[in-house]
Amino acid sequence: MVKIKIVLITILLFAGISYAETRVVSLGSVVTETLQALDATDSLVAVDASSELSDEQSSLPRVGYYRMVSTEGVLSTRPDLVLGTEDAGPPHVIKQLRQAGVDVELVTAEKSLEGAVTRIVDIGKKVGKQEQALALAQPLKERAENPVEVLPSAPKVLFLYARGAGAPMVSGTKTGAAEMIRLAGAENSVAGFEGYRPLTAESLVASKPEVILVTTNGLEAMGGKDGVWSLPGMSHTPAGKEKKIVVMEDTFLLNFGPRTVDAVDQLRSRLTE
Amino acid sequence: MRAIEPRFPLWTWGLPLLLVVSWGMSLSLGAFKIPPLEMVRILWEAFRGQPGDDVASSVLLSLRLSRVGFGALAGAGLALGGVCMQALFRNPLADPGLMGLSSGAALAAAALTISAGSLPEVMVHPLAIPATAFLGGLFTTGLVYRVSNRGGRIRVESMLLMGIAVNALCGALIGVLLLVADDAQLRNITFWSFGSLGRVGGTAMAGLGVALLPAFVLVWMLRHPMNLLLSGEADAASLGVHVERTKALLVGCSCWMVSLVVAWSGLIGFVGLVIPHITRLIFGPSHRTLVPASLMLGAMFLPLADGLCRTVIAPAELPIGMVTALMGTPFFIYLLIRRGVRA
C-alpha cells in the first residue's frame, strides 16, 4: 500500500512538473504591462528594472536595466522564454541566451499606435492568448485608423524629462512623447531636432510652449512643480506665465501599451482644461 | 641581499597557488548557483571532452570560464602596463592613462558608435569597436611619444605634459560627440566606457592571449634595465643600459598590452596603478619580483572583482570599471596621503 502511494505521488509530482507553465522573463515595462493586461503574469519569474509589478508580484527578482542585462543573471532565473522589446540587450547577451537554449522573443519597440498593436498581438501569440490580445489591441487599432482631430487651439506642448537633479532634457521630434502629443491633437513646441537634447534657457524661450508636459518621475527629479517653474527662461514662456503643466505617470504616458488610448484621451482632455 | 634570499621565495610558489584558488573562487561566483561539487563534475566532464549540455554547464563553460580567462589576461596586461609606465616615469603614481591611451581608445570607440549608421556593413562587424579602440589607443600614445621624442631622446617630462594635453583634447572631443549622439548611441557609449569582461568569447580570448604573451615575456626580459633606470637615466646609461631603446620598448609594451585589453573590455580604471603599487608594498621595488608578482596579482584581482560584479546585485550586474574604480580610488587617496605624511 505504501509502495503504491509512493508510486502515485511520484507520478503526480512528475505530472505536475511536465504541466508546469513555461518560466518567463520579461524585459521592458511595456512587455510586463501587456502580460498583466493579458492576465499572463503567473509564469513570470523575473522582470527588468523598469517593469511595474502588482503588490503580489513585487518580490520577483529584477535582472537590471533591460538594455543591459547579464546572461548569467537571466539564466539564473532558469527561464524557458525571454520576452522583450527589440531594445533589450546588449546583443551579445541575447545571442548567448539563445545559445544556452532559451527561447528569446523580441517584439517591436516602435513608439506608435501601430507599433503597440503589433506588440500586443505578438506577445499574445507567444503566451497562447491570441484572442485576448486581439481584443486588447482592438481599441488601439481603431484609434490608429480614426485619429482624433487636432485641437482647435492646438496648444504648443513641451515635454521635459529628467533622470536626476539638474540637466533636464527636452523632447524633439520622433520620440514617444512627441508621438503622444501628436496623437492628442496638440503640437510639439520643439521641431528643430530628433530625440532628446539638454534644455537651454534660450531655446526654451524661443520654442514658446503653452503647456509643459512631464512624467511623475521626471517631475520629482526636477524638484516638483516649483523646480520646473524656476528653470532658467521658464518665466518668459506662455506656459511659465500661466503655470500650465500636465503631469502623467511615466509608463502610462510613454509605454505605448494596452492603456495608450486612455492615456491619449486623458492627455487631450487635460490639455484643454 | 641576494645571498640571504631563499632559493624559492614566497612569491614563486605562494602566488601561483593563490592564483589558482582565486580563479576557482571567481568561477564559483555568480547569479547562477552552481554547488562546488557540481562545478568539479562539469569541469571534469569538459576536461574529458564530453561537456554536459545542461544550463549549469553552459553557464560555467561558455560564460564564466571565458570571463575568468579574459579577466586574468586583462588584469595581467593592465598591471604590467602600469609597471612599465611607473618604471619609465620613475614615479609610482604613473598609469597607462597618462599617455592618453584610454582616452584615445574611448574617443575612437565613441566616434565609431556615432557614425555606425552611415558606415558600410563591414565596419559594424562585432570586431569593429575593439579594432577601432585599439587603433585609437595606439594612435594617441604614438602621438605623445613622437612629440616628446627629440633627436632620439625621449623627454619624460614633455611626455607627461603631452599626455595631459592629449587627454584633455580627447575628453573635449568625446564631449562634442556625446552632444550630437542620439539616445541609443549615448547609451552605447556609456556602457562601453563602463567596461565589461563579458564581451569576449573563446576565440577572441585565445587571440588575445597569443597577442599578449610576447609582451609579457618582453617585460620580464626588461627587468634588469628597469631596475637600473630607477636610479636615473645617466646612472643607468653608465651601467650599460641602452636607455632610449629601453624607454621605447617600455612605451611599446605598455601601449600594446593596455590597448589590446581596453579595446575589448572598455575602460577598467586603477588596475594599472594599484596592482603594481600593492606588489611593491609587499615584495619590494625590485623588478625581478615586481614583474611576475604584478602579473599574477593582476590576474588574480580582476577575475575576483568581476565575480563581485556578478553577485552583488544579482541577477543584475555591475560594470567592472565601476567596481575597480570604487576599490581603487580609496587606495589611491590613501597612497597620496601617505606620501604627504612621509614628505
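Do we find a residue being touching a residue at least 40 places away in the same chain (Cβ under 8 Å), in a helix (DSSP H, G or I), hydroxyl-bearing (Ser, Thr, Tyr) and surrounded by 16 or more Cβ atoms within 10 Å (Cβ to Cβ) anywhere in the stretch B:191-205? Taking every residue of the stretch B:191-205 in turn, at least one turns out to be touching a residue at least 40 places away in the same chain (Cβ under 8 Å), in a helix (DSSP H, G or I), hydroxyl-bearing (Ser, Thr, Tyr) and surrounded by 16 or more Cβ atoms within 10 Å (Cβ to Cβ). Of the set (1) acidic (Asp, Glu); (2) over 11 Å from A:Ser26 (Cα atoms); (3) more than 13 Å from every other protein chain (Cβ to nearest Cβ), all apply to A:Glu72 but (3).
Just wondering, is there one or more residues in the stretch A:118-140 that are in the same structural domain as A:Ser26 (by TED's automatic domain parsing), of a type in the set (Asp, Glu), under 26 Å from B:Leu178 (Cα atoms) and within 18 Å of the chain's Cα centre (by Cα)? Give the derivation first.
Just the residues of the stretch A:118-140 that are in the same structural domain as A:Ser26 (by TED's automatic domain parsing), to begin with: A:118-140.
Remaining after also requiring of a type in the set (Asp, Glu): A:122, A:131.
Imposing the further condition that a residue be under 26 Å from B:Leu178 (Cα atoms) reduces the set to none.
Among the residues of the stretch A:118-140, not one is in the same structural domain as A:Ser26 (by TED's automatic domain parsing), of a type in the set (Asp, Glu), under 26 Å from B:Leu178 (Cα atoms) and within 18 Å of the chain's Cα centre (by Cα), which makes the answer no.
Residue-level analysis places B:Gly82 among those that are more than 30 Å from B:Asp182 (Cβ to Cβ), surrounded by 15 or more Cβ atoms within 10 Å (Cβ to Cβ) and of a type in the set (Gly, Ala, Ser). Close contacts from the stretch B:229-248, counting a first residue that is among the polar types (S, T, N, Q) and a second that is in a helix (DSSP H, G or I), with Cβ to Cβ under 8 Å and a gap of 6+ residues or different chains, come to B:Thr246/B:Pro225; B:Thr246/B:Met226; B:Thr246/B:Leu229; B:Thr246/B:Ala236. When the helices (runs of 4 or more DSSP H) confined to the stretch B:238-343 are screened for residues that are closer than 30 Å to B:Arg7 by Cβ and more than 14 Å from chain A (Cβ to nearest Cβ), those reaching at least 3 such residues are found at B:243-265, B:271-283, B:287-311.
Does A:Leu219 fit the bill of being farther than 25 Å from A:Glu52 by Cα and among the aliphatic types (A, V, I, L, M)?
On the way: farther than 25 Å from A:Glu52 by Cα: no; among the aliphatic types (A, V, I, L, M): yes.
Here the answer is no, as A:Leu219 does not meet what is asked.
Taking the stretch B:38-56, which residues are in contact with a helix residue (DSSP H, G or I) (Cβ under 7 Å, 6 or more places away or on another chain) and more than 17 Å from A:Val93 (Cα to Cα)?
Here is the first cut: in the stretch B:38-56, the ones in contact with a helix residue (DSSP H, G or I) (Cβ under 7 Å, 6 or more places away or on another chain) are B:38-39, B:42, B:46, B:51-52, B:55-56.
Listed by number, the residues that qualify are B:Glu38, B:Met39, B:Ile42, B:Ala46, B:Pro51, B:Gly52.
The criterion of at least 2 residues that are in contact (Cβ under 8 Å) with a residue 40 or more places away in the chain is met, among helices (runs of 4 or more DSSP H) falling completely within the stretch B:1-76, by B:10-28. For the stretch A:169-195, the candidate set comprises residues that are within 14 Å of chain B (Cβ to nearest Cβ), part of a helix (DSSP H, G or I) and in contact (Cβ under 8 Å) with a residue 60 or more places away in the chain; within that set, the residue that is surrounded by the fewest Cβ atoms within 10 Å (Cβ to Cβ) is A:Gly176. Counting only helices (runs of 4 or more DSSP H) that fall entirely inside the stretch A:53-168 and contain at least 1 residues that are touching an Asp or Glu at 6+ places or on another chain (Cβ under 6 Å) and either polar (S, T, N, Q) or at negative phi (or both), the qualifying elements are A:71-75, A:113-126, A:130-145. Number of residues in the stretch A:103-117 that are more than 16 Å from A:Arg259 (Cα to Cα) and crowded, with 18+ Cβ neighbours inside 10 Å: the value is 3.
The residues on offer are A:Thr272, A:Thr237, A:Thr215, and the sole one that is closer than 23 Å to A:Asp87 by Cα and among the hydroxyl-bearing types (Ser, Thr, Tyr) is A:Thr215. Only one of the numbered conditions (1) more than 8 Å from chain B (Cβ to nearest Cβ); (2) closer than 25 Å to A:Ala37 by Cβ; (3) surrounded by fewer than 20 Cβ atoms within 10 Å (Cβ to Cβ) is violated by A:Pro79, and that is (3).
Against the definition (over 21 Å from the mean Cα position of the chain (by Cα) and outside any helix (DSSP H, G or I)), how does B:Pro92 come out, yes or no? For B:Pro92, the condition - over 21 Å from the mean Cα position of the chain (by Cα) and outside any helix (DSSP H, G or I) - is not met. Of all the residues in the stretch A:46-59, those that are surrounded by fewer than 19 Cβ atoms within 10 Å (Cβ to Cβ) and either more than 14 Å from chain B (Cβ to nearest Cβ) or modelled with pLDDT of 95 or more (or both) number 7.
The values are calculated or read from the model by the stated rules, or taken from the named source; none is laboratory data. If you're wondering where the values come from, they're calculated on a predicted model, not measured in any experiment. Heads up, the Cβs are rebuilt from the backbone with ideal geometry, glycines too, and the neighbour counts pull from every protein chain shown.
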